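Shown next, in structure tokens, is the structure this report addresses.
The values are calculated or read from the model by the stated rules, or taken from the named source; none is laboratory data. In this text the structure is predicted, and so the values were computed from the model without any measurement. Neighbour counts run over all protein chains shown; Cβ positions are idealised from the backbone, glycine included.
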There are 4 protein chains.
Amino acid sequence: MIKAGIIGATGYAGGELVRILLGHKDVEIKWYGSRSYIDKKYADVYRNMFTLVEDVCLDDNIEKLAKEVDVIFTATPQGFLAGVLTEEILKQCKVIDLSADYRIKDVHIYEQWYGIEHKSPQFIEEAVYGLCEINREKTKGKRLVANPGCYTTCSILTAYPLVKEGLIDTTTLIVDAKSGTSGAGRGAKVQNLYCEVNENIKAYGVASHRHTPEIEEQLGYAAGKEIQINFTPHLVPMNRGILVTEYATLNKKDGKLPTYEEIKAVYDKYYGKEKFVRVLDKGVCPETKWVEGSNYVDVNFVIDERTGRIIMMGALDNIVKGAAGQAVQNMNILFGLPEETGLELVPMFP
Amino acid sequence: MIKAGIIGATGYAGGELVRILLGHKDVEIKWYGSRSYIDKKYADVYRNMFTLVEDVCLDDNIEKLAKEVDVIFTATPQGFLAGVLTEEILKQCKVIDLSADYRIKDVHIYEQWYGIEHKSPQFIEEAVYGLCEINREKTKGKRLVANPGCYTTCSILTAYPLVKEGLIDTTTLIVDAKSGTSGAGRGAKVQNLYCEVNENIKAYGVASHRHTPEIEEQLGYAAGKEIQINFTPHLVPMNRGILVTEYATLNKKDGKLPTYEEIKAVYDKYYGKEKFVRVLDKGVCPETKWVEGSNYVDVNFVIDERTGRIIMMGALDNIVKGAAGQAVQNMNILFGLPEETGLELVPMFP
Amino acid sequence: MIKAGIIGATGYAGGELVRILLGHKDVEIKWYGSRSYIDKKYADVYRNMFTLVEDVCLDDNIEKLAKEVDVIFTATPQGFLAGVLTEEILKQCKVIDLSADYRIKDVHIYEQWYGIEHKSPQFIEEAVYGLCEINREKTKGKRLVANPGCYTTCSILTAYPLVKEGLIDTTTLIVDAKSGTSGAGRGAKVQNLYCEVNENIKAYGVASHRHTPEIEEQLGYAAGKEIQINFTPHLVPMNRGILVTEYATLNKKDGKLPTYEEIKAVYDKYYGKEKFVRVLDKGVCPETKWVEGSNYVDVNFVIDERTGRIIMMGALDNIVKGAAGQAVQNMNILFGLPEETGLELVPMFP
Amino acid sequence: MIKAGIIGATGYAGGELVRILLGHKDVEIKWYGSRSYIDKKYADVYRNMFTLVEDVCLDDNIEKLAKEVDVIFTATPQGFLAGVLTEEILKQCKVIDLSADYRIKDVHIYEQWYGIEHKSPQFIEEAVYGLCEINREKTKGKRLVANPGCYTTCSILTAYPLVKEGLIDTTTLIVDAKSGTSGAGRGAKVQNLYCEVNENIKAYGVASHRHTPEIEEQLGYAAGKEIQINFTPHLVPMNRGILVTEYATLNKKDGKLPTYEEIKAVYDKYYGKEKFVRVLDKGVCPETKWVEGSNYVDVNFVIDERTGRIIMMGALDNIVKGAAGQAVQNMNILFGLPEETGLELVPMFP
């Protein structure tokens, strides 16, 4: 039985970790950390857990926690983990960080986009970027996993095979992303009130969203060169789900665009054996509802012969595959369990 | 391994049966019946099932189906099962009916409220009303289960302990119910279009909804006498969930109203050991979100000293405990499995 | 041209006052009061007003304001107006208060339900309860209007004719109310975040909501005796709208229930000439969407012969007829304008 | 008083025409045409109109109608008007067509994208493309107006100034559009049911949506050359509103990108005096909620120095400025009324 502790257990990603881990046969949650609700019963914060969780929320004491568990999940604001992580902790247990603290290898880029000083850059190098379908081999044996962002996971997986195989002109890549509101977190802000979000859609963070450099770095590795993209997130009136629509000019071969079949074969090459990435049938566009509550990413594409572009689409549940689900997937990899353990969640419809 | 067949697999309740049974370790679905989608891949109708279900939809041939499976679930319109059920079928397999065909013992009341002739009244008597928390003992060994309606399950369980113990004046009982839109089914009707339901709430079927006699019959058994109530359903802009708010005048004892503690003790007496009925803490009102995707019913109450009434509240997911979940719970009872098998679904929030 | 000032212009009711007054040909808004946004452009708080309102938000200085305008609307928290109102102010201009400060004649009941001391009880007597369809004659010539609550307006108007005519047993009256989320205000609270409200319905303030005594007092006047009711509000995932479903036992005459036609005639007697109260056709249930954005109240009823009860239903837009619209209607009465001036807003559908 | 007739009065655009024209002081609606609801009271189809409209729905007899009115609005399916329009009709009254029949000058492109034969191509040339802010001068004196599509209006107005001034590389233009569900019409289809749309977002019509050639044609006129773009619409769970996010590479001048101020000046040049196009303040992204129920289009842009692209954004209400509102604006132009008559609708928030 793996003993797990969660720091930031009362945010939406933390709550989803609890939901998933309660159904994971090899895990026992030993610590529900929540600075905001110390000593309050966890099930009084998330009443869906009534009768399922009897524990009270504990302080975010990661040093103490490290002595009691095998793995720590940190679902905390940017900068928290970087401020408290020590070699001592990493010697005692695995750490899976759902924040951005160790996702970006170049600390200057991190500090520039996040606007905060990185307090423990010495761990950046050893941290593995936990996008399981791409980095699972590198993840095995690691102590520290930087769990990818929600937009990032969706954006990268949707374009990855084509970038990796050099089929698109990466200078033309544009990612138009749409997210449900749980991605904005559980903080009490006017802009996230029901009446402000409902019956409304808007872009935000245009040309400045923090997931941009994360996408660029990872797709850059795939391309073997630096990439700069446009990434535009939008807030959609729904609880869960991210949809990305990506545009890029296809590279021609002998003056001809690749065919549907050729592109499909490339997607299948990378994802044909992946349980959690589903390449949809021809003509079917991904919808967030079809992956809700599950760890799936649905992807597909359309070639536009007129403009020579490919439109790639991807959908996932932002707090499952985009956060807690992928974190558990990473835990499974770290502990040598079958990757889908506890993650065989059937999407809920409607 | 229990072999199961579903007739009406492409309605919302049918789809939910598939979702739940896919996670049930002792069941294998052998037949996805859907008159509307014969020969179409099931996962093309419900794309959340892509890669999870490879089968195509089959005709609603219940006689053929009965030979191949151990249990048949019928998630079909009123009158369908009554029109095709035979002794032959019941000799071959268990039948769990999610429609209303065998719920009401008095066939005249059925015919009056549903406006159709009952084609096989000879099976009404043997059918058990499958409200598990109340009738589980009677269900064991049965061949035919009349799975309760969604409003009904919620309405009955919320008031049952007080009715059974004679604590309320049943002539004053009023049930004001609110339901998500999946309860209206997947038929293409203007009134259920997104734009008609969204940003809107209305009552419907006032003083004439078909779940009324079902509630009256079952609560009448509990009271030991005939009961007539007012039941008013409302359509709420959300996918899932039923909330009932019930009003009744408390019977006084020696001129005094019962106390909170006395009423709480009665609820605990009936539900203290029930896994799927959660009596909430004092002052906490049930919310549909806390049970979404799960088989739970959350109940609670408030005593109004001023008016002498008790306000009882109950919440469930209309297509889980209100349909498919309870059907699986009944299946577990019929086949001698632990009642919660395959139903340990943690509610999803948000 | 009537010069108007608004205190609390940046709450939802305040914003709606601005929307309505901008379309009122006889009114000019001179003061956008908002303690939270002093010196900020109003159109930066409500960007729908961009290019329409150039003013900046001013402090809540009611004494200064009284010198500059003909009418002051206070859309402020309970207790604010009671704390600052003076005879001096009332001598200078009309005051229409959207808070509860002067709605309840018995100051002890106010203090008990609101839990605050009333700072200027000397004005309670002169304040008129501004439910226009009932009190318009009393309103003419007044200086101070207590604009009714949203739930209250809907609850009272729906039952008023039957209470007034003694057709129902008022001891049996139960009001089950459902409200959109704008009724909860624009304060940043976790419970009102999109993800907490969306896909959810719950009761709140059960047997303790502050609109209860207001309904009881006004219906008591109509009945000519004290009334105690059960009032249960519910939070519905939509922006605007209140629906009430009211239950009462009909008084029999010579052992017989009144007929549909008799009840209809009573509703028509009271509302037949009212522009803003629409008694719907037989069998049609009110829906909040049909009154959205308008000053209408739609009402109707169903008689249940089985139980001897009548189910009355009413729907309005909580921030129009339930707040800002009725406030403007009261202003029109105070200033001798046709009552519908500026209020001929056609409901928006969908 | 202008006498108006509406054909297709019971679709969402038709209903909105009624809402707007009821508030237009110079118009009287004489004919509510609706093939689906002949002889039914209009207010029984749209109950928001109860007491406001007493008429019954009439047949779609455009020849008869033309004799009785000054202007006909056709809010009908593609091909309807083309099938019935005659010179006779155009001699008798103005026709404003909300369908696509006369929007595209090249009949072959129309027939190719719409998949139907055009029955009256002889009127295409004389029809004016009624995008008021661009073509108002050409509209004056015309008999037939092709009222632009909802996506089209938003897409064109958002990019028009930059295309017209040659500031962007039009070969790089990509339009990612998001629409509320009223754009899908009021037809009873499973895909538009509440439960299918709610909590979901998807792209559709990828590289094949019919508004593509319309955008290309009009922007092509502005550019003075043929343009091919990618246009991707998405379905968003809300009733009203379209948001477009457009991407294009900025043309450099002397190796330098234009500045914010330069681009802003161009937008102001075209829209500074336009009542219904609002260029927002720097850094403010358009939101559909801020224009809901109104005839406004809100636009803004962000320059991304890193990629050399500009991200342009636009928002409107798809059934006001995207359909009925613009149709009335065109009517005002045709009849020499001030363009904003009847259209001074303040956006509704929340």
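Taking the options A:Asp59, A:Asp106, name whichever one is more than 20 Å from A:Ala324 (Cα to Cα), modelled with pLDDT under 95 and in contact with a helix residue (DSSP H, G or I) (Cβ under 9 Å, 6 or more places away or on another chain). Give the steps one after another, and end with the answer.
Numbers: A:Asp106 fails: modelled with pLDDT under 95.
Every option except A:Asp59 fails the conditions.
Is it the case that some residue within segment D:39-53 is β-branched (Val, Ile, Thr), more than 11 Å from chain C (Cβ to nearest Cβ) and touching a strand residue (DSSP E or B) at 6+ places or on another chain (Cβ under 9 Å)? Break it down into steps so the answer makes sense when it comes.
Quick first cut of segment D:39-53, residues β-branched (Val, Ile, Thr) only: D:45, D:51, D:53.
Filter once more, so that each one left must be more than 11 Å from chain C (Cβ to nearest Cβ): none.
Checked segment D:39-53: no residue is β-branched (Val, Ile, Thr), more than 11 Å from chain C (Cβ to nearest Cβ) and touching a strand residue (DSSP E or B) at 6+ places or on another chain (Cβ under 9 Å).
Hey, any hits in segment B:189-210 for a residue that's more than 30 Å from C:Asp317 (Cα to Cα) and assigned by TED's automatic domain parsing to the domain that holds B:Arg309? There is at least one residue in segment B:189-210 that is more than 30 Å from C:Asp317 (Cα to Cα) and assigned by TED's automatic domain parsing to the domain that holds B:Arg309. Might you check whether a residue that is under 27 Å from B:Cys195 (Cα atoms), surrounded by fewer than 24 Cβ atoms within 10 Å (Cβ to Cβ) and touching a Leu at 6+ places or on another chain (Cβ under 9 Å) occurs anywhere in segment A:203-213? Looking for residues that are under 27 Å from B:Cys195 (Cα atoms), surrounded by fewer than 24 Cβ atoms within 10 Å (Cβ to Cβ) and touching a Leu at 6+ places or on another chain (Cβ under 9 Å), one finds at least one in segment A:203-213, hence yes.
Just to be sure before I move on: is D:Thr10 in a loop (DSSP other than H, G, I, E, B), within 14 Å of another protein chain (Cβ to nearest Cβ) and over 24 Å from C:Lys275 (Cβ atoms) in the structure I sent?
On the way: in a loop (DSSP other than H, G, I, E, B): yes; within 14 Å of another protein chain (Cβ to nearest Cβ): yes; over 24 Å from C:Lys275 (Cβ atoms): yes.
For D:Thr10, the condition - in a loop (DSSP other than H, G, I, E, B), within 14 Å of another protein chain (Cβ to nearest Cβ) and over 24 Å from C:Lys275 (Cβ atoms) - is met.
I'm trying to understand the selection: among the residues of segment D:287-301, which are within 11 Å of chain A (Cβ to nearest Cβ), in contact with a helix residue (DSSP H, G or I) (Cβ under 9 Å, 6 or more places away or on another chain) and not hydrophobic (A, V, I, L, M, F, W, C)?
Within segment D:287-301, D:Glu287, D:Lys289, D:Glu292, D:Gly293, D:Asp298, D:Asn300 qualify.
So in segment D:109-119, with the set limited to residues that are part of a loop (DSSP other than H, G, I, E, B) and of a type outside the set (D, E, K, R), which one is surrounded by the most Cβ atoms within 10 Å (Cβ to Cβ)? Per the stated criteria, the residue is D:His118.
Any residue at all in segment B:302-314 that is touching a helix residue (DSSP H, G or I) at 6+ places or on another chain (Cβ under 7 Å), in contact (Cβ under 8 Å) with a residue 24 or more places away in the chain, among the small types (Gly, Ala, Ser) and in a strand (DSSP E or B)? Yes, segment B:302-314 contains a residue that is touching a helix residue (DSSP H, G or I) at 6+ places or on another chain (Cβ under 7 Å), in contact (Cβ under 8 Å) with a residue 24 or more places away in the chain, among the small types (Gly, Ala, Ser) and in a strand (DSSP E or B).
In segment C:6-19, the residues that are outside the structural domain of C:Pro77 (by TED's automatic domain parsing) form no Cβ pair under 6 Å with any partner that is at pLDDT 95 or above and buried (at least 24 other Cβ atoms within 10 Å of the Cβ), whether six or more places apart or across chains. When B:Val284, B:Val291, B:Val346 are checked against the criterion of being within 15 Å of the chain's Cα centre (by Cα) and closer than 23 Å to A:Thr10 by Cα, B:Val291 stands alone in meeting it. When A:Ile174, A:Ile215 are screened for being part of a strand (DSSP E or B) and modelled with pLDDT of 95 or more, only A:Ile174 passes.
For segment B:73-108, the candidate set comprises residues that are polar (S, T, N, Q) and closer than 13 Å to B:Leu144 by Cβ; within that set, the residue that is surrounded by the most Cβ atoms within 10 Å (Cβ to Cβ) is B:Thr74.
Just name the residue that is farthest from the other protein chains (Cβ to nearest Cβ) out of those in segment B:186-197 that are in a helix (DSSP H, G or I) and not hydroxyl-bearing (Ser, Thr, Tyr).
Filtering segment B:186-197 down to residues in a helix (DSSP H, G or I) leaves B:190-192, B:194-197.
After this cut, where a residue has to be not hydroxyl-bearing (Ser, Thr, Tyr) as well, the list is B:190-192, B:195-197.
Working: B:Val190: 5, B:Gln191: 9, B:Asn192: 5, B:Cys195: 4, B:Glu196: 7, B:Val197: 4 Å.
Of everything passing the filter in segment B:186-197, B:Gln191 is farthest from the other protein chains (Cβ to nearest Cβ).
Tell me, which residue of segment D:128-141 that is in a loop (DSSP other than H, G, I, E, B) and either touching a helix residue (DSSP H, G or I) at 6+ places or on another chain (Cβ under 7 Å) or assigned by TED's automatic domain parsing to the domain that holds D:Thr245 (or both) is surrounded by the fewest Cβ atoms within 10 Å (Cβ to Cβ)? Checking each candidate, the answer is D:Lys140.
Residue-by-condition table, conditions (1) within 14 Å of chain A (Cβ to nearest Cβ); (2) free of Cβ contacts under 8 Å to residues at least 60 places away in the same chain; (3) more than 18 Å from D:Asn295 (Cβ to Cβ):
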| position | (1), (2), (3) |
| --- | --- |
| D:Ser120 | no, yes, yes |
| D:Gly130 | no, no, no |
| D:Asn147 | no, no, no |
| D:Lys164 | no, no, yes |
| D:Asp169 | yes, no, yes |
| D:Ala177 | yes, no, yes |
| D:Ala184 | no, yes, yes |
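Among the residues in segment C:212-233, are any at the interface with another protein chain (Cβ under 7 Å from one of its Cβ atoms) and either without any contact (Cβ under 8 Å) to a residue 24 or more places away in the chain or in contact with a Gly (Cβ under 7 Å, 6 or more places away or on another chain) (or both)? No, the conditions are met nowhere in segment C:212-233. Note on segment C:237-274: residues that are away from chain D (no Cβ under 14 Å) and either part of a loop (DSSP other than H, G, I, E, B) or free of Cβ contacts under 8 Å to residues at least 12 places away in the same chain (or both) total 12.
So that you can scan it fast, the table gives a plain yes or no per residue for (1) over 20 Å from the mean Cα position of the chain (by Cα); (2) within 14 Å of C:Cys93 (Cα to Cα); (3) buried (at least 24 other Cβ atoms within 10 Å of the Cβ):
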position	(1), (2), (3)
C:Leu17	no, no, yes
C:His24	no, no, no
C:Tyr32	yes, no, yes
C:Asp39	yes, no, no
C:Tyr42	yes, no, yes
C:Asn48	yes, no, yes
C:Val53	yes, no, no
C:Cys57	yes, no, no
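Look at (1) free of Cβ contacts under 8 Å to residues at least 40 places away in the same chain; (2) in contact with an Asp or Glu (Cβ under 8 Å, 6 or more places away or on another chain) and you find that B:Leu52 fails only one, number (2). Condition check for B:Gln122 on (1) out of contact with any helix residue (DSSP H, G or I) (no Cβ under 8 Å at 6 or more places or on another chain); (2) assigned to a strand (DSSP E or B): one failure, at (2).
Residues of segment A:320-350 that are within 14 Å of chain B (Cβ to nearest Cβ), aliphatic (A, V, I, L, M) and in a helix (DSSP H, G or I): A:Val320, A:Ala323, A:Ala324, A:Val328.
Looking at this structure, is A:Glu28 crowded, with 23+ Cβ neighbours inside 10 Å, closer than 21 Å to A:Ile333 by Cβ and at pLDDT 95 or above? Lay out the reasoning, then the answer.
Details: crowded, with 23+ Cβ neighbours inside 10 Å: no; closer than 21 Å to A:Ile333 by Cβ: yes; at pLDDT 95 or above: yes.
Criteria not met by A:Glu28.
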